[in-house]
Amino acid sequence: MAKTLLVTGSSGLIGSEVCSYFARELGYTVHGVDNNQRAVFFGPPGDTRWNQRRLEGALRGFQHHELDIRDRAGVLGLMRSLRPDAIVHTAAQPSHDRAASIPFDDFDTNAAGTLNMLEAARQACPQSPFVHMSTNKVYGDGPNRIALRELATRWDYADPAYAEGIPEGFPVDQSTHSLFGASKLAADVIAQEYGRYFGMPTCCLRGGCLTGPNHSGVELHGFLSYLVRCNLEGREYRVMGYKGKQVRDNIHSLDVARFIAAFIGAPRAGEVYNLGGGRANSVSILEAFTIAESLTGKAQVHSYLEQNRVGDHICYFSDLRKVRSHFPSWDITLSVTETMRQIVDSWRARSSV
Ligand SMILES: NC(=O)c1ccc[n+]([C@@H]2O[C@H](COP(=O)([O-])OP(=O)(O)OC[C@H]3O[C@@H](n4cnc5c(N)ncnc54)[C@H](O)[C@@H]3O)[C@@H](O)[C@H]2O)c1
């Protein structure tokens, strides 16, 4: 009998990629949980129904559950009825700027929603691997204290200790996180605790910039997806501070899904991994403009605001040595340019721009 996977946030970028990968490549029966909350958080441009319909049409056996992860009894009921072989929890309020105006919704979704999922799993299927999508914002703006050097188009670490990027042991407290970073840090620690205290096979994936063709990118969330959309539509992209040289490491959602499959295949308890594109897949905003322009032939229209986003990283890329040492068969397979090429194609197909 086919194994069963439960994915929350299944209509979102990572959730939908995980659903597709496990159904198509690994033969799982996939159950998705999503209530299109992204449209509530970000308005119509954040709507993810198109992606839900895409999954329902494309994946055999895929079942969508219109459930809010804040609904504790509903989550427990679904978990008890399915007793899935593995759980991938990606549903979240994902924007740090948005969190400031909806602090209760943010915390209830990110922290309490994750607790609902973990406790339901403990009661229904404690042996099943549980992957929690965390974020590099758990480190707050601590990485901004690392000595930097300014290059022509980007910032880079001047301190050789971080030549490979930010490792999992980087301090998580006594820095500015944004309310989003704080609610995600609460979730991250709780997910670790269900691993350490209860021995459940949990892991937290502290994502860099997760991206790919199925993102419903908006200004407040979805860096490359939104940047490419602006490029295609000739819409102004607002650069916020740091001269546009701020650096993000980008990882295609397929490489995230492949890592999740590797962990579920050989789980450990209470693990934490930094999962991004690493140095090789890092770009600054200015560099991303150049790549977008080369792919579309259109000039990137942009403006510059001196004020940076609160808690925003100046330079961040993940140290991938731990993920590579625990899972040697996994590595990044898609470059930033190839990923952006797919994002261009996807926006063109979705909006005929
Ligand atoms: N995209 C990134 O750059 C990035 C970076 C680091 C970490 N992450 C984390 O990865 C995870 C997935 O991110 P994503 O980019 O796929 O986000 P996304 O917004 O594309 O997908 C999240 C999905 O969860 C759903 N959702 C939100 N609240 C819900 C609720 N209460 N009940 C049910 N469904 C709900 C949304 O409708 C959406 O479809 C999140 O936990 C996010 O914090 C993302």
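Just a few scattered comments:
- Within the range 128-143, residues that are within 20 Å of Ile264 (Cβ to Cβ) have Cβ atoms under 6 Å from residues that are within 14 Å of the ligand (Cβ to nearest atom) and of a type in the set (S, T, N, Q) in these pairs: Met133/Thr90, counting only partners at least 6 apart in sequence or on another chain.
- Within this structure, Gly32 passes the test of being under 20 Å from Ala257 (Cβ atoms), within 18 Å of the chain's Cα centre (by Cα) and more than 9 Å from the ligand (Cβ to nearest atom).
- Meets criteria (over 24 Å from Gly195 (Cα atoms) and out of contact with any strand residue (DSSP E or B) (no Cβ under 7 Å at 6 or more places or on another chain)) for Glu56: no
- Residue satisfying condition, being assigned to a helix (DSSP H, G or I) and either open to solvent by less than 10 Å² (accessible area, probe 1.4 Å) or of a type in the set (D, E, K, R) (or both), within set Ile291, Ile251, Ile260, Ile264: Ile260
- Members of the range 96-121 found to be in a helix (DSSP H, G or I), away from the ligand (no atom under 12 Å from the Cβ) and open to solvent by 30 Å² or more (accessible area, probe 1.4 Å), listed by number: Asp97, Pro103, Phe104, Leu115, Glu119
- Qualifying residues in the range 180-203 (those that are closer than 20 Å to Gly311 by Cβ and either in contact with a Phe, Trp or Tyr (Cβ under 7 Å, 6 or more places away or on another chain) or of a type in the set (Phe, Trp, Tyr) (or both)) - the one farthest from the ligand (Cβ to nearest atom): Ser183
- Residue pairs meeting the criteria (Cβ under 7 Å; at least 6 apart or on separate chains; first over 15 Å from Gly32 (Cβ atoms), in the range 66-82; second in a helix (DSSP H, G or I) and away from the ligand (no atom under 14 Å from the Cβ)): Leu76/Gln123; Arg80/Ala124
- Selection status of Ser10, in contact (Cβ under 8 Å) with a residue 40 or more places away in the chain, near the ligand (Cβ under 8 Å from one of its atoms) and open to solvent by less than 20 Å² (accessible area, probe 1.4 Å): yes
- Residue within the range 58-67 that is assigned to a loop (DSSP other than H, G, I, E, B) and within 11 Å of the ligand (Cβ to nearest atom) present: yes
- Taking every residue in the range 17-39 that is free of Cβ contacts under 8 Å to residues at least 40 places away in the same chain and of a type outside the set (Val, Ile, Thr) and pairing it with any residue that is open to solvent by 20 Å² or more (accessible area, probe 1.4 Å) and away from the ligand (no atom under 15 Å from the Cβ), at least 6 positions away or on another chain, the pairs with Cβ-Cβ distances below 6 Å are Gly27/Ala2.
- The range 211-224, residues that are in contact with a strand residue (DSSP E or B) (Cβ under 6 Å, 6 or more places away or on another chain) and either at pLDDT 95 or above or buried (at least 23 other Cβ atoms within 10 Å of the Cβ) (or both): Thr211, Gly212, Leu224
- Residue satisfying all of: in the range 332-353; free of Cβ contacts under 8 Å to residues at least 60 places away in the same chain and closer than 28 Å to Ala158 by Cα; surrounded by the most Cβ atoms within 10 Å (Cβ to Cβ) among these: Ser335
The values are calculated or read from the model by the stated rules, or taken from the named source; none is laboratory data. None of these values were measured; they are calculated from a predicted model. Cβ atoms come from the backbone with ideal geometry, glycine included; neighbour counts cover every protein chain shown. Surface areas here come from the heavy atoms of the whole protein model, side chains and all, with no ligands, DNA or RNA. Shrake-Rupley method; radii C 1.70, N 1.55, O 1.52, S 1.80 Å.
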